[in-house]
Amino acid sequence: MNIQHYCRKNDVEIQRRIDRGIWRPSLDTGHIYSTETKHNLKENKTNCGYLTVGDKKEFHVSRVIWIAAHGIPEAGLEIDHINANKEDNRLQNLQLITPQENTARSSSALTFADAEEIRKLHKKGISKRKLADKYFVSPRTIGRIIAYKSYKTAPPHEILAIRAKEEIARIGTDAVEEIISTYALGASIRQISNRYKITETTVRTILRGEA
């Protein structure tokens, strides 16, 4: 198989520059040292928040770092930033995922509360590009949120999380400590839920230490 036929043309160029020692990517810092300029390459930010290097050609820093460590990715896979920070290109923050997985991660990166805050900030005059940079999503995602094409209502799990927060505030810290002790003594989550008149989700939230 001729890999040049099955991968991005830029990937081949990245591999060539690494092989020739022109670029020396740092897997620990996520920056790229140039043996020609004797400095780290200047990084530019795209409209979607990704960092690139190069003047005539743009090379995504994340791909340079990945290729330096693992070689050219298999066709059809995408490089994802694990912590959702597109400027953090350390190797430990990168992973290969499918386009479907990437779409799922992107759509779940924001909460409904985030979307509501985005709408408020946009009404105050904050641009889509600035909001995209702030929340590490694309301007297109921001546009869909503002137009109420996405995040129209809070999903069930967020509604439950909000309710759990309200119930924890209502019962107070003493009850939270009692619940933890009661569970340790063998009481079931359902028994605790009935005893304190709170949802089982709230009980689990408390037991996870998120109260």
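The values are calculated or read from the model by the stated rules, or taken from the named source; none is laboratory data. Quantities reported herein were computed from a predicted structural model and do not represent experimental measurements. Virtual Cβ from ideal backbone geometry, glycine too; neighbours counted across all protein chains shown.
Restrict the check to the stretch 188-208 and report whether at least one residue is within 30 Å of K86 (Cα to Cα) and in contact with a Gly (Cβ under 7 Å, 6 or more places away or on another chain).
no
Considering every residue within the stretch 3-14, establish whether at least one is without any contact (Cβ under 8 Å) to a residue 24 or more places away in the chain and of a type in the set (S, T, Y).
No, that holds for no residue.
Which of the residues belonging to the stretch 35-61 are in contact with a Gly (Cβ under 8 Å, 6 or more places away or on another chain) and over 18 Å from R20 (Cβ atoms)?
V61
Just to be sure before I move on: is E116 modelled with pLDDT of 80 or more and not assigned by TED's automatic domain parsing to the domain that holds E13 in the structure I sent? First the steps, then the outcome.
On the way: modelled with pLDDT of 80 or more: yes; not assigned by TED's automatic domain parsing to the domain that holds E13: yes.
It is true that E116 is modelled with pLDDT of 80 or more and not assigned by TED's automatic domain parsing to the domain that holds E13.
Consider K149 carefully, then state whether it is without any contact (Cβ under 8 Å) to a residue 40 or more places away in the chain, surrounded by 12 or more Cβ atoms within 10 Å (Cβ to Cβ) and charged (D, E, K, R).
On the way: without any contact (Cβ under 8 Å) to a residue 40 or more places away in the chain: yes; surrounded by 12 or more Cβ atoms within 10 Å (Cβ to Cβ): no; charged (D, E, K, R): yes.
No; evaluated as a whole, the condition is false for this residue.
Could you say which residue among C48, C7 is touching a Ser or Thr at 6+ places or on another chain (Cβ under 9 Å) and modelled with pLDDT under 95? Before you say what the answer is, go through the steps one by one.
On the way: C7 fails: touching a Ser or Thr at 6+ places or on another chain (Cβ under 9 Å).
Every option except C48 fails the conditions.
For residues in the stretch 30-42 being surrounded by fewer than 14 Cβ atoms within 10 Å (Cβ to Cβ) and of a type in the set (V, I, T), which is nearest to R90 (Cα to Cα)?
In the first step, residues of the stretch 30-42 are kept if they are surrounded by fewer than 14 Cβ atoms within 10 Å (Cβ to Cβ); the result is 35-39, 42.
Still in the running and of a type in the set (V, I, T): 35, 37.
Details: T35: 20, T37: 22 Å.
Per the criteria, the residue is T35.
Tell me the residue from S181, S193 that is assigned to a helix (DSSP H, G or I) and either at positive phi or buried (at least 17 other Cβ atoms within 10 Å of the Cβ) (or both), please. I'd like the intermediate steps shown before the answer.
On the way: S181 fails: either at positive phi or buried (at least 17 other Cβ atoms within 10 Å of the Cβ) (or both).
From the options S181, S193, the qualifying one is S193.
Which of the residues that make up the stretch 44-76 are among the hydrophobic types (A, V, I, L, M, F, W, C), farther than 12 Å from H31 by Cα and either more than 17 Å from the chain's Cα centre (by Cα) or not in a loop (DSSP other than H, G, I, E, B) (or both)? Break it down stepwise before answering.
Within the stretch 44-76, the first condition is being among the hydrophobic types (A, V, I, L, M, F, W, C), and the residues that meet it are 48, 51, 53, 59, 61, 64-69, 72, 75.
Then drop every residue that is not farther than 12 Å from H31 by Cα, which leaves 48, 59, 67, 69, 72, 75.
F59, I67, A69, I72, A75 - these are the residues of the stretch 44-76 that are among the hydrophobic types (A, V, I, L, M, F, W, C), farther than 12 Å from H31 by Cα and either more than 17 Å from the chain's Cα centre (by Cα) or not in a loop (DSSP other than H, G, I, E, B) (or both).
If I168 satisfies every condition in (1) buried (at least 16 other Cβ atoms within 10 Å of the Cβ); (2) assigned to a helix (DSSP H, G or I); (3) on the phi > 0 side of the Ramachandran plot but one, which is the exception?
(3)
State all residues of the stretch 183-204 that are under 14 Å from A169 (Cα atoms) and β-branched (V, I, T); if no residue qualifies, say none.
Residues of the stretch 183-204 under 14 Å from A169 (Cα atoms): 196-199, 202-203.
Passing the criteria: I198, T199, T202, V203.
Has the stretch 131-139 got at least one residue that is surrounded by 14 or more Cβ atoms within 10 Å (Cβ to Cβ), in contact with a Pro (Cβ under 7 Å, 6 or more places away or on another chain) and not assigned by TED's automatic domain parsing to the domain that holds L27?
Yes, the stretch 131-139 has at least one match.
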